[in-house]
Amino acid sequence: MKNLIIITILTFFITNAHSAELKVEPLYSFEKTYRIEPAPAKFVTRTYIGARGTYGVPLLSAELEVARSEDSDTFPAQVKKVDYETYRAMLGLKSYPFTFSYGGVYFRAGARAKKESVTTTISGVETKNEGEIVLDPYAGAGITIAFSNMFALNAGVTLVYNRDAPSNEQFDRQTTFSFTIKASNR
């Protein structure tokens, strides 16, 4: 069954290659996520800056998104500072099943790879901890408003599974704003 799905998607992209478009989007996003370290565990909001590329036709496109975030916590009573550097890559499919003359509504789904580095400084002594790459599924929706044949604004919300969060809050929420630039004027 898995091979049939892969073959169907590849066939779709090959047969529609003549009308496929490459779009590049610089993006800015917020992600509400559950952070375990340092204790006590809590929800935090991170800001990401990155880029997203899509290739395909409106009905079905492949997408790749890469983004980076930096943030820190300070604990003056403990003379402690914790710096976080997070990288994420999202690979999936995007579809515009509902379009209108000045934009459309899209849906997206795929897998996210995330890696976090944590640098802890206590009284001037620095310790760096490289986290493992974590893979999680995602799904989301958004809206695109087109200004011309080449440029558009996008806003969307994506839910990403978070295995570390409490069972009643297992999804990180990403709110994304981006600006689309088409690579060709077909």
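Side notes on the structure shown:
- For the chain, lysine pairs with C-alpha atoms less than 14 angstrom apart, excluding pairs fewer than eight positions apart on the same chain, total 6.
- Amide hydrogen neighbours beyond the local backbone of residue 150, cut-off 5 Å, H modeled: none
- The mean sequence separation of alpha-carbon pairs under 8 Å and at least six residues apart, normalised by the residue count of the stretch 52-127, gives a relative contact order of 29 percent.
- In a simple Cβ point-charge model (Lys, Arg +1; Asp, Glu -1; nothing else charged), the chain has a dipole of about 460 debye relative to its Cα centre.
- Rel. contact order, % - alpha carbon contacts under 8 angstrom, at least six apart, the chain: 20
FYI, it's all coordinate maths here, none of it is from the lab. The shown structure was predicted, so the numbers you read here are calculated from the model rather than taken from an experiment. For neighbour counting, all protein chains shown are included, and Cβ atoms are generated from backbone atoms with ideal geometry for every residue, glycine included.
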